[in-house]
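The values are calculated or read from the model by the stated rules, or taken from the named source; none is laboratory data. Keep in mind that this is a model prediction, so the values were computed, not measured. Cβ: placed from backbone, ideal geometry, glycine included. Neighbour counts: every protein chain shown.
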Amino acid sequence: MKHVLRRGGFFLLTLWAALTLNFFIPRFMPGDPVNALRDRTRGKVSEATLQQMLSSFGFKPNQNLGTQYLDYLGNMLTGHWGLSIGQALGEPVTTIIGQALPWTLGLVGITTVLAFALGTLIGIVAGWRRGGRLDAILPPLFVVTSALPYFWVALLLILMFSVWTNGLLPSDFNYDTSLVPGFSPGFIGSVLQHAVLPAATLLITSIGGWILTMRNNMITTLAEDYVRMGRAKGLPTRKVMYGYAARNAFLPNLSGFAMSLGFVISGAILIEYVFNYPGLGYLLYSAVQNVDYPLMQTLFMLFTVAVLVAVLICDLATAWLDPRVRAKE
Amino acid sequence: MTVLQGTAAATPRPRRSGGGFWRALRGNRKAMAGSVILLIFVVISAFPGLFTSVHDPNALQFPPRLGPSTGHLLGTTGLGQDIYTQLIYGTRQSLIIAVVAGFFATVLSVLIGVSAAYLGGIMDDLLSMVTNVALVIPAFPLIVILAKYAGHGSLTVLLVVLVVTGWAYGANQMRAQALSLRNRDFLESARVRGERRSYIIVFEVLPTMTSLIVANFLGAALYSVLSAAGLQFLGLGDPNSSSWGTMLYWAQNQQALQTGAPLWSIAPGLCVALLGVAFALMNYAFDELSNPALRPVKAKERKVRAAVAAKASAAAAAAEARAEASPSPADPGGPPAPDLADAESAADPDAPLLQVRGLTVEYATARGASVAVAKVDLDVRRGEFLGVVGESGCGKSTLLFAIARLLSAPASTTGGSVTFKGRNLVAMTEKQLNVLRWRDYSVVMQSAMNALNPVRTIGAQFKDAIEAHADYSSEQIKQRSVEVLELVGIDPVHLKSYPHQLSGGMRQRAMIAMALLFTPDLVIMDEPTSALDVVAQRSLMVQIKELQQLLGFAVIFVTHDMSLVSRFSDRLVVMYAGQVVEAGPTRTVFDTPAHPYSKGLLDAFPSIHGERVELKGIPGSPPDLGNPPAGCRFHPRCPVVQDRCRSQEPELYRIGEAGEVRARCLLLTSDDEPQASRSLEVNS
């Protein structure tokens, strides 16, 4: 119980810190967003609409900063995220995000979990066969791939599988725009086709880290007495490898997974930008380009919440898998 | 043996000092590759003019989109600049970003991490909380937003943003290491000397954290290189600056890939990748150096391993051939049949339960093979308690695991046989062994804390063992588990307990209970009491002995404490440097130790009931098994050493009237017997 309370407290604290950053950055940085908005909307919307937009963004010049801050916190937490002042002028932020979210969840979410699962599995095998020929090649190879810039891998893949091969695989957008979205085989096929290169980029750049950490954890764990004890008991090799060695070696990786999500998000922004993939990352890029503060701050909050939820889930999973953690709290 | 001769050269012990560390770093291929790449970039960034004849990298002075030629090594950009020249001039900024941002992020990490650890209390809570919050807030979106607000162009702003978002990971690690250092002896002594806290931190703590600090710098530099390039690629840097990221931005902006100038974006991307890889390789090399287990097995070591493995399989094959030749009813080639084996040994009640002959174990190291167990013979009869004693590092635990067939690389059995209930274990495959394991012989290890799986309950671990060998219903499993726990005096409610919830003594008992699940014929025990205090030790020993008498299993018991086994074992084997140096009935060996080493071991422990005597111990330490001394292996430490001991290798000689004691000492040989007994008497 205490454990849950502590984690919940940390969740709220971090969320608050992120929201506060969000509130003060535009107000204390050079470049006045209010004027930017006025310039942008000149001649496009009426003065009344402009006022409404400004207040939805939290800028109420006649109120003091404290009240503005509290209002802002309330609005962010209750989903009153305001209207976009960027490309989709006047459109509710919730709508814009609602359109982009499934694409990012589908592409980045699935690929990240896949990279984690696959990397962990390869790491288990590499660690188990320590000293083999494979183990001599894998570590340096994946040290290299995990240090490659996301966007460069993306560019290389586009060059190889799209430019040089006359569009073997699409390098742009999330589906063929000539198709009508729906649950038709043609549309789903197009979506999958468009996901291959961005997913491959994310997989190539993120799997190495998981393989290396899992291999290293595995090697450390294999030296433990309880692994030898598993063999001594005459357990089948599989049982020793997964139930005794990997089961323990995996635990530190869980918290690492949550922490790495921040990097995954940075990868998502760059990858979605390169592939013009209309997900949240691309949305953040265009929000920044168009000085769309309401969209920007909502996205930043959502990214923070995503990482925090992952941290929370991994924490709970660790507590569930490791009785010692439960005992400590 | 040729392998061993090759390693006869001096073998310095690994040192943890700085010099050794840097030397090791030089020997690491990843570190070398990383440094070479970095060095090349440093030279280029310092003297860009030396590498290209074009003076202004950004001037639009050539035809656009030229292919590679001698004039333009990598062609020209879509705007008419020489790509190669831009790369050369872009090096400096990327390097500056990496080094400066990496440096300040590391300084911040050290400052906050070490302060948190040393200030403790509320300050620690506060700083750790700030660190964790900073760690979780996704940095890159924040950078993107910050970079936009801060306006285009300023390198300083970019650096500040990278430092602000890049310190938290390191701070957590610094805090953890500083905390673990806090109570070390050398800091304690500095505190006792009355040194100021700041002095201690700067001159005592930080130097010991050097490798972590350097690793952190490399990590932060890698992060900065990639993030900065990503930002510039997105167009959030100064579009007029000379950097790889800016090149990438313009290339993307002008659709370089699609318009036939792929090198425009691929080449600067490659440079970013190379610089990143350089930092990553060095960083990983540091990880390997601080945890040598992670290092790849070197080609040379792999060769030695292969040679050792070949010897091992030859030994197994030879053992199998022998087994086939002997008229044994057990068929080693076919499926294992424990019942047959039982029948066989029942037919010949005088045959020992376990017969070890010429057992040899070698470790493959980079320096060559090292013989940890050399041609050991021993017998264990049914229901017998055999003690194996010797100092740490004499090969006794290795011997045990070789008998149990539980060695793993780089150690393997390279000769001899282990005949258990009439069947040679050395010739058996892992699958065949799994049938015998736990049913017929089980193992108890030194520390149950380490030997029990920490994340599973005692009951679950019992269940694993039972399920591997018997087709029990869950009711039967429960019943048997309760039985064995009650046997060792533990409340069966602890089947639901995890290892960490039990006391040290209870854990050890639980492990013994687990070893008795199938009431095996032999229980192999590796110092099962040495993790306990003296009182718990005695009571556990008494219990083991009682169980043994009750259930009739035989025990091989390894310990370094000779007095511990004196009361409980029937026979004793004394090991030194991988060899048996004395073996015989416990009482005889105790009363009249024949080997000087046995004497030394006995003198090293006080007798609880005996008279007070001065403890002598044995000066020196056991030899390096990769390079054992010539002649008698004990001669450098022997108090009664003679000249011939230095050259002549002693065998195990039968001594005493009944010849039931065997000892490996030249002084006991008949041609020099008077002298031998005299010198031993002088010492006793």
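From the list B:270, B:281, B:275, the lone residue that is in contact with a Lys or Arg (Cβ under 7 Å, 6 or more places away or on another chain) and either farther than 22 Å from residue B:103 by Cα or buried (at least 24 other Cβ atoms within 10 Å of the Cβ) (or both) is B:281.
Of the residues making up region A:295-305, those that are at the interface with chain B (Cβ under 8 Å from one of its Cβ atoms) and of a type in the set (A, V, I, L, M, F, W, C) are A:296, A:299, A:300, A:303. Considering the conditions (1) of a type in the set (Ser, Thr, Tyr); (2) over 34 Å from the mean Cα position of the chain (by Cα); (3) at pLDDT 80 or above, residue B:70 is excluded by exactly one of them, (3). Contact annotation: residue pairs with Cβ atoms under 8 Å, 6 or more positions apart or on different chains, pairing a residue in region B:490-501 that is more than 9 Å from every other protein chain (Cβ to nearest Cβ) with a partner that is exposed (fewer than 15 other Cβ atoms within 10 Å of the Cβ) and not polar (S, T, N, Q), are B:492/B:486.
Considering (1) free of Cβ contacts under 8 Å to residues at least 12 places away in the same chain; (2) more than 7 Å from chain A (Cβ to nearest Cβ), the lone condition that residue B:257 does not fulfil carries the number (2). The residues on offer are B:435, B:418, B:426, B:484, and the sole one that is within 11 Å of chain A (Cβ to nearest Cβ) and modelled with pLDDT under 90 is B:435. Does residue B:80 satisfy the criteria of being surrounded by fewer than 18 Cβ atoms within 10 Å (Cβ to Cβ), more than 14 Å from chain A (Cβ to nearest Cβ), over 21 Å from residue B:230 (Cα atoms) and out of contact with any Lys or Arg (no Cβ under 9 Å at 6 or more places or on another chain)? For residue B:80, the condition - surrounded by fewer than 18 Cβ atoms within 10 Å (Cβ to Cβ), more than 14 Å from chain A (Cβ to nearest Cβ), over 21 Å from residue B:230 (Cα atoms) and out of contact with any Lys or Arg (no Cβ under 9 Å at 6 or more places or on another chain) - is not met. Figure legend. Inter-residue proximity from region A:307-329: first residues facing another protein chain (nearest Cβ under 7 Å), second residues part of a helix (DSSP H, G or I) and surrounded by fewer than 16 Cβ atoms within 10 Å (Cβ to Cβ), beta-carbon distance below 6 Å, spacing 6+ or different chains. Indicated pairs: A:324/B:500. If we scan region B:383-396, do we find a residue that is within 8 Å of chain A (Cβ to nearest Cβ) and assigned to a loop (DSSP other than H, G, I, E, B)? Within region B:383-396 (the criterion being within 8 Å of chain A (Cβ to nearest Cβ) and assigned to a loop (DSSP other than H, G, I, E, B)), the answer is no, since none of the residues qualifies. Looking only at region B:237-251, filter to residues that are crowded, with 24+ Cβ neighbours inside 10 Å and of a type in the set (Gly, Ala, Ser); which one of those is modelled with the lowest pLDDT? That would be B:237.
Residue-by-condition table, conditions (1) over 17 Å from the mean Cα position of the chain (by Cα); (2) buried (at least 18 other Cβ atoms within 10 Å of the Cβ); (3) outside any helix (DSSP H, G or I); (4) modelled with pLDDT under 85:
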position: A:221; (1), (2), (3), (4): yes, yes, no, no
position: A:226; (1), (2), (3), (4): yes, yes, no, no
position: A:258; (1), (2), (3), (4): no, yes, no, yes
position: A:269; (1), (2), (3), (4): no, yes, no, no
position: A:311; (1), (2), (3), (4): no, yes, no, no
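So, residue B:49, is that one assigned to a helix (DSSP H, G or I) and either acidic (Asp, Glu) or within 14 Å of chain A (Cβ to nearest Cβ) (or both) or not? No: the conditions fail for residue B:49. Against the criterion of being part of a loop (DSSP other than H, G, I, E, B), on the phi > 0 side of the Ramachandran plot and surrounded by fewer than 22 Cβ atoms within 10 Å (Cβ to Cβ), residue A:234 does not qualify. Restricting attention to region B:94-104, does a residue exist that is in contact with a Leu (Cβ under 9 Å, 6 or more places away or on another chain), more than 21 Å from residue B:273 (Cα to Cα) and modelled with pLDDT of 90 or more? The answer is yes; a qualifying residue exists. Kindly provide the set of residues from region B:117-169 that are within 17 Å of residue A:269 (Cβ to Cβ) and more than 12 Å from every other protein chain (Cβ to nearest Cβ), ordered by number. Passing the criteria: B:158, B:162. Once region A:171-198 is narrowed to residues that are buried (at least 20 other Cβ atoms within 10 Å of the Cβ) and not aromatic (Phe, Trp, Tyr), the residue that is farthest from residue A:273 (Cα to Cα) is A:190. Across region A:284-294, a minimum of one residue is classified as facing another protein chain (nearest Cβ under 8 Å), assigned to a loop (DSSP other than H, G, I, E, B) and surrounded by 19 or more Cβ atoms within 10 Å (Cβ to Cβ).
If I filter region B:565-587 for residues that are part of a helix (DSSP H, G or I) and within 34 Å of the chain's Cα centre (by Cα), do I get at least one hit? So far as region B:565-587 goes, yes, one or more of its residues are part of a helix (DSSP H, G or I) and within 34 Å of the chain's Cα centre (by Cα).
Annotation: of all residues in region B:438-459 being part of a helix (DSSP H, G or I) and crowded, with 23+ Cβ neighbours inside 10 Å, the one that is modelled with the lowest pLDDT is B:448. Just one residue in the set A:127, A:74, A:119, A:123 is of a type outside the set (Ser, Thr, Tyr), crowded, with 22+ Cβ neighbours inside 10 Å, part of a helix (DSSP H, G or I) and at pLDDT below 90; that residue is A:127. Applying the set (1) buried (at least 24 other Cβ atoms within 10 Å of the Cβ); (2) part of a helix (DSSP H, G or I); (3) within 9 Å of chain A (Cβ to nearest Cβ); (4) not β-branched (Val, Ile, Thr) to residue B:293 leaves exactly one unmet item: (1).
Quick grid of which residues meet (1) more than 28 Å from residue B:547 (Cα to Cα); (2) within 14 Å of chain A (Cβ to nearest Cβ); (3) assigned to a helix (DSSP H, G or I):
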residue: B:370; (1), (2), (3): yes, no, no
residue: B:373; (1), (2), (3): yes, no, no
residue: B:378; (1), (2), (3): no, no, no
residue: B:398; (1), (2), (3): no, yes, yes
residue: B:402; (1), (2), (3): no, yes, yes
residue: B:409; (1), (2), (3): yes, yes, no
residue: B:414; (1), (2), (3): yes, no, no
residue: B:431; (1), (2), (3): yes, yes, yes
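All conditions but one from (1) outside any loop (DSSP other than H, G, I, E, B); (2) surrounded by 18 or more Cβ atoms within 10 Å (Cβ to Cβ) apply to residue B:500; the one that does not is (2). Quick check on residue B:684: is it loosely packed, with under 13 Cβ neighbours inside 10 Å, over 40 Å from the mean Cα position of the chain (by Cα), modelled with pLDDT under 70 and hydroxyl-bearing (Ser, Thr, Tyr)? Judged against the criteria, residue B:684 is a match.
The rows are residues; the columns are (1) in contact (Cβ under 8 Å) with a residue 24 or more places away in the chain; (2) of a type in the set (Ser, Thr, Tyr); (3) in a loop (DSSP other than H, G, I, E, B).
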| position | (1), (2), (3) |
| --- | --- |
| A:154 | yes, no, no |
| A:159 | no, no, no |
| A:162 | yes, yes, no |
| A:167 | no, no, yes |
| A:170 | yes, no, yes |
| A:173 | yes, no, yes |
| A:181 | no, no, yes |
| A:190 | no, yes, no |
| A:198 | yes, no, no |
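Restricting attention to region B:618-664, the residues that are of a type in the set (Lys, Arg), touching a strand residue (DSSP E or B) at 6+ places or on another chain (Cβ under 8 Å) and within 19 Å of residue B:601 (Cβ to Cβ) add up to 3.
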